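Structure first, then comments.
The values are calculated or read from the model by the stated rules, or taken from the named source; none is laboratory data. As the structure is a computational prediction, the values presented were derived from the model and not from experiment. A quick note on method: Cβ atoms are made from the backbone with ideal geometry, for glycine too, and the neighbour counts reach across all protein chains shown.
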Amino acid sequence: MILATILVVCLGIIGVSVFLSESASQMRAFDTIDETVLAYTPHDAIWIQSNQEMIDQADDESWSGDGSVETPYIISGYSFNQDTQPLRIWNTDLHWIFTGNLVDSDGEDMQCGTWIDNASNGLISGNIFRNRHSGLVFMSVENVNVTDNVIYSNTATGMDFLNTMTNCEVSGNEIYHCSIGGINIPQGAINSTITGNHIYDCGGVGISIAGVTLNCLIQDNTVDRAGSNGMTISLATNSIVSLNTVTNASNDGIQLYGFNMCQAKNNNITQAGGDGLVVSYADESIISLNSIIDCSGIGIDVASSSNITISWNCVEGNVGYAIQLSDSTEYMEVVCNTFVENCDSCQIYDDGVDNVIQLNYYSDWNSPDNDANGIVDNPYLFDGEAENSDPYPLAVLGVIPDIEDPSATPTTPTDPDTIPMNFIVLGIGGASMIVIIMGVLILKRR
């Protein structure tokens, strides 16, 4: 038994090391592009409104490429300083790349840096967009990627996708000092990825996706000092919000509305001015492995939702409850979480119906355990009209004992699932720990 425990701990430490190494290797240095090493050529605004106009201008200016997927047209090395949109590409499906350009303005009535409308097959990469209205604006685009640009000091947003974006990638961009927000997608996204962007010191929401969010990945973004919410994702289906870091948002850290058959996992939210994670009108989704620390409101605030699994989260040092379940929640599973020093009294509030909350660790309720079975002898009682409780509060942080008799659960859902587990690495207060699962954990779900 001792040897097995040592092996588990060693494997866990190896897992932590690999995780930290991979995380470090994925981090970018978001340094502003050094303009002194770039030789820009001043250029008039480029307005293209058809495939033929793109072909003609490419011939006139000797752009490399032929507009095919193998050799796209390349627009590179220019500086733009017009008050009107410097780059318009409309009604095209040729392949093109806009790279290594400076889009600037010194006027007071400047328009957005780009206006890409009813276009596809474009790449905007490695440019500077600054001193515009919005840095970039897109309408009805497909297969358009926006990567590794520096976008700053715009009076509106870093970038706007004003109609639904489809099969697009927005990745690796540095966006800061934009007055209204970082990335704004008000009409939704389909089969798209928003990954690896660094957004800081912007007014409004750091990343906002409204409309329909279908089959999307929002991952590995960093949002710091947003003027409103760090991230807001609405009407999402089959999408993943993971590995994002949100710090010092003026309002909520991450808001998820209409979050159905989705996952929010491995996100880090600290020092939000409101709640850490807000989940509303959600169903059949998983909220797991998130770290929510030192927020001014509730750690995880859930309303108008059902059949949500909330597990393996660390919720620590928040002013409000660690978790609040409103009267419009039902059939929630809240299991194997760590709740440390949240609220002034009870850490959980449950106003819902048939919510199962068990096998969580509470910093204010870890003894007595007179029979040394890893479970506190008395249940942890919650605030709220549900008059619910955790019948199996954990006595030891990170150790989940085998529960042989689940009959004492406060609700009676049917069709229990038996989930075998070995161990998992959790971050607690910025540190890592090894969670050892002793036996088989029996969870119940209706």
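Mind listing whichever residues of segment 211-228 are at pLDDT 95 or above, assigned to a strand (DSSP E or B) and over 16 Å from GLN263 (Cβ atoms)?
THR222, VAL223, ASP224
Return the only residue of ASN143, ASN191, ASN149 being within 21 Å of ALA236 (Cβ to Cβ) and either basic (Lys, Arg) or touching a residue at least 12 places away in the same chain (Cβ under 8 Å) (or both).
ASN191
Would you confirm whether or not segment 328-345 contains a residue that is buried (at least 17 other Cβ atoms within 10 Å of the Cβ), of a type in the set (Ser, Thr, Tyr) and touching a residue at least 40 places away in the same chain (Cβ under 8 Å)?
Yes, segment 328-345 has at least one match.
Just to be sure before I move on: is LEU256 surrounded by fewer than 19 Cβ atoms within 10 Å (Cβ to Cβ) and in contact (Cβ under 8 Å) with a residue 12 or more places away in the chain in the structure I sent?
Here the answer is no, as LEU256 does not meet what is asked.
So SER291 fits all but one of (1) of a type in the set (Gly, Ala, Ser); (2) in contact with a Lys or Arg (Cβ under 8 Å, 6 or more places away or on another chain); (3) under 15 Å from THR247 (Cβ atoms); what number is the exception?
It fails just one condition, (2).
Restricting attention to segment 322-358, and to residues there that are farther than 15 Å from GLY384 by Cβ and acidic (Asp, Glu), which single residue is farthest from the chain's Cα centre (by Cα)?
Across segment 322-358, the extreme among qualifying residues is ASP344.
Being within 22 Å of the chain's Cα centre (by Cα) and hydroxyl-bearing (Ser, Thr, Tyr) is the filter; apply it to segment 149-163 and report the residue that is surrounded by the fewest Cβ atoms within 10 Å (Cβ to Cβ).
TYR152
Exactly one condition in (1) more than 21 Å from ILE183 (Cα to Cα); (2) of a type in the set (Val, Ile, Thr); (3) surrounded by fewer than 19 Cβ atoms within 10 Å (Cβ to Cβ) is not met by THR92; state its number.
The one condition THR92 does not meet is (3).
Just to verify a result, which residue in segment 240-253, among those that are surrounded by 24 or more Cβ atoms within 10 Å (Cβ to Cβ) and hydrophobic (A, V, I, L, M, F, W, C), is farthest from ALA226 (Cα to Cα)?
VAL241
Which of the residues that make up segment 171-197 are of a type outside the set (A, V, I, L, M), part of a loop (DSSP other than H, G, I, E, B) and within 19 Å of SER228 (Cα to Cα)?
Result: HIS177, CYS178, SER179, PRO186, ASN197.
Which condition from (1) assigned to a strand (DSSP E or B); (2) of a type in the set (A, V, I, L, M, F, W, C); (3) buried (at least 19 other Cβ atoms within 10 Å of the Cβ) is the one that CYS112 breaks?
All conditions pass for CYS112, except number (1).
Give segment 56-83 a look and list any residue that's assigned to a loop (DSSP other than H, G, I, E, B) and surrounded by 15 or more Cβ atoms within 10 Å (Cβ to Cβ), or say none.
If the condition is that a residue be assigned to a loop (DSSP other than H, G, I, E, B) and surrounded by 15 or more Cβ atoms within 10 Å (Cβ to Cβ), then TRP63, GLY65, GLY67, PRO72, ASN81, GLN82, ASP83 are the ones that fit.
Could you please give the count of residues in segment 359-393 that are within 29 Å of the chain's Cα centre (by Cα) and either of a type in the set (Asp, Glu) or at positive phi (or both)?
Result for segment 359-393: 1.
Test each condition in (1) in a strand (DSSP E or B); (2) in contact (Cβ under 8 Å) with a residue 40 or more places away in the chain; (3) not β-branched (Val, Ile, Thr) for SER208 and report the one that comes out false.
Result: SER208 passes all but (2).
Collect the residues in segment 346-384 that are out of contact with any strand residue (DSSP E or B) (no Cβ under 8 Å at 6 or more places or on another chain) and more than 20 Å from GLY317 (Cα to Cα), keeping them in residue-number order.
SER367, PRO368, ASN370, ASP371, ALA372, ASN373, ASP377, ASN378 - these are the residues of segment 346-384 that are out of contact with any strand residue (DSSP E or B) (no Cβ under 8 Å at 6 or more places or on another chain) and more than 20 Å from GLY317 (Cα to Cα).
Before we move on, is ILE97 out of contact with any Leu (no Cβ under 8 Å at 6 or more places or on another chain), of a type in the set (A, V, I, L, M, F, W, C) and assigned to a strand (DSSP E or B)?
No, not satisfied.
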